[in-house]
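Participant: This is the structure I want to talk about, given as structure tokens.
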Protein chains: 2
Amino acid sequence: MNKEPFLDYIGNYITLSKEEEALLFSKIIERNYLKDQYIVQQGDVCKSVNFILSGCTKTFYIDAAGQEHIVGFSIADWWTSDLGSFITQSPADFHVQCIESTKILQFRYEELEVLYQEIPKLERLFRKITERAFVASQKRIIRNFSLTAKERYRIFKDTYPKIEQRVPQYMIASYLGITKEFLSKIKRQLSLEK
Amino acid sequence: MNKEPFLDYIGNYITLSKEEEALLFSKIIERNYLKDQYIVQQGDVCKSVNFILSGCTKTFYIDAAGQEHIVGFSIADWWTSDLGSFITQSPADFHVQCIESTKILQFRYEELEVLYQEIPKLERLFRKITERAFVASQKRIIRNFSLTAKERYRIFKDTYPKIEQRVPQYMIASYLGITKEFLSKIKRQLSLEK
DNA sequence: AAAGAAGATTAAACTAGATTAACTTTTATT
DNA sequence: AATAAAAGTTAATCTAGTTTAATCTTCTTT
């Protein structure tokens, strides 16, 4: 198991002893998924939170009208899960699907509960991670309210340049909450403005 | 200080010893605000997270065009803050203003950091609270994407009936991301449908 | 009770973005 | 290389929600 990326990542938040590290890694699983495979399926109970080592996932749901809505993308050093389903152990609202072949470190529900008891610092780690995720989510709400689609697209490009290059445009449109046709129109407008 | 509501609340997540409770209450402040007073001001660094004992607050921001956008309301047993500002100790994106006279328990930044060291269980408490807040925020994003304003209004009424009664309509419109005029139109439509 | 301020309604004109449908380009498969 | 499938573009038409502006109603304050 390649532990470095995850150790580097958590080093931003907490410091673990060698024993704690060993215990931690004894409870997490490295898994590989192919392009198009699902890590979480809408309707199933989500049993894991997943740290991405490589690859790319999309989190989305299918609404009553059968329409797909992309909630977010995740790449290396990010997390992916349906947290609402995970914490309440109730059916997931979202699918999480790999849009490239993807390698993850998987924390399963039961093991994580045990780990919290054995390494209380992990509470701090996940508190801080979740705080940041919540703040990002709030900022997205206000962006959706006060900005036009064109401005949102510009910010998306600036904020996640790596994702923009890897993900098909129609998925970006879905993430931005607009149709692929309208994103096409925006791109032409932007190209004419320059 | 009336400790009961807060003790009842945290009892849902963690169990504290009497000594821990005493320590906790030695570090938090009870404060009273009048209608229209600000707990947090956009641009200032947010120094506290606040548990509401009574009253009602709105969290909002003023955009580049001078428009007010309401991010959320909080009533008794909820929290209010600008968490992004609080955790990074950088200028707040949001105002938090009382829309009724409001009584809060205030956790100041420095004290909370100390409390986390002294009562590690509080990490767990705030992890769980933040997880729930994050999930609610995600659900709001997907609602904003896939539902019409009329549907969103219906859900708001069903989910927060107490808030709907206490808050002027133009603020609810702002929270829903629509104009007060359009909310008026929706209400007439709903009244004709019945 | 009067007067002003704050909040809510109505209606007409307008626009950002959706829908539909045809077409083009790129990528994957044999 | 040929074909099909997936992704992206364009343009016409349509609609949910905005804007503007006038009017009405309900609170506050004196």
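The values are calculated or read from the model by the stated rules, or taken from the named source; none is laboratory data. For clarity, every value in this text was computed on a predicted model and none was experimentally measured. Note that each Cβ is placed from the backbone with ideal geometry, even for glycine, and that neighbours are counted across all protein chains shown. Ligands, DNA and RNA are excluded from the accessible area calculation, which covers all protein heavy atoms including side chains. Shrake-Rupley method; radii C 1.70, N 1.55, O 1.52, S 1.80 Å.
Participant: Can you find even one residue in region B:136-149 that is open to solvent by less than 60 Å² (accessible area, probe 1.4 Å), within 30 Å of B:Thr15 (Cα to Cα) and of a type in the set (A, V, I, L, M, F, W, C)?
Facilitator: yes
Participant: Take the conditions at pLDDT 95 or above, open to solvent by 20 Å² or more (accessible area, probe 1.4 Å) and more than 11 Å from chain B (Cβ to nearest Cβ) and apply them to A:Arg108. Does it pass?
Facilitator: It is true that A:Arg108 is at pLDDT 95 or above, open to solvent by 20 Å² or more (accessible area, probe 1.4 Å) and more than 11 Å from chain B (Cβ to nearest Cβ).
Conditions (1) in contact with an Asp or Glu (Cβ under 8 Å, 6 or more places away or on another chain); (2) not polar (S, T, N, Q), marked per residue:
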position	(1), (2)
A:Ala65	no, yes
A:His69	yes, yes
A:Gly84	yes, yes
A:Ala92	yes, yes
A:Val114	no, yes
A:Gln117	no, no
A:Ile129	no, yes
A:Ser146	yes, no
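Participant: Still on this structure: Among the residues of region A:117-148, write down those that are β-branched (Val, Ile, Thr), facing chain B (nearest Cβ under 7 Å) and under 15 Å from the mean Cα position of the chain (by Cα).
Facilitator: Within region A:117-148, A:Thr130, A:Val135 qualify.
Participant: Another one. Checking A:Tyr160 against (1) over 25 Å from B:Leu83 (Cα atoms); (2) more than 16 Å from DNA strand C (Cβ to nearest atom); (3) not basic (Lys, Arg), which test does it fail?
Facilitator: Condition (1) is where A:Tyr160 drops out.
Participant: Still on this structure: State the number of residues belonging to region B:52-71 that are surrounded by fewer than 21 Cβ atoms within 10 Å (Cβ to Cβ) and within 10 Å of the chain's Cα centre (by Cα).
Facilitator: The number of residues fulfilling the criteria is 0.
Participant: Any residue that is open to solvent by 30 Å² or more (accessible area, probe 1.4 Å), hydroxyl-bearing (Ser, Thr, Tyr) and at the interface with another protein chain (Cβ under 9 Å from one of its Cβ atoms) - is there at least one of those in region B:78-100?
Facilitator: Yes: one or more hits.
Participant: Suppose the filter is farther than 19 Å from A:Met171 by Cβ, within 14 Å of another protein chain (Cβ to nearest Cβ) and exposed (fewer than 14 other Cβ atoms within 10 Å of the Cβ); does A:Ala22 pass it?
Facilitator: It is false that A:Ala22 is farther than 19 Å from A:Met171 by Cβ, within 14 Å of another protein chain (Cβ to nearest Cβ) and exposed (fewer than 14 other Cβ atoms within 10 Å of the Cβ).
Participant: Can you pull out every residue in region A:165-194 that is within 23 Å of the chain's Cα centre (by Cα), open to solvent by 50 Å² or more (accessible area, probe 1.4 Å) and either farther than 23 Å from A:Asp63 by Cβ or facing another protein chain (nearest Cβ under 10 Å) (or both)?
Facilitator: Those that are within 23 Å of the chain's Cα centre (by Cα), open to solvent by 50 Å² or more (accessible area, probe 1.4 Å) and either farther than 23 Å from A:Asp63 by Cβ or facing another protein chain (nearest Cβ under 10 Å) (or both): A:Gln165, A:Arg166.
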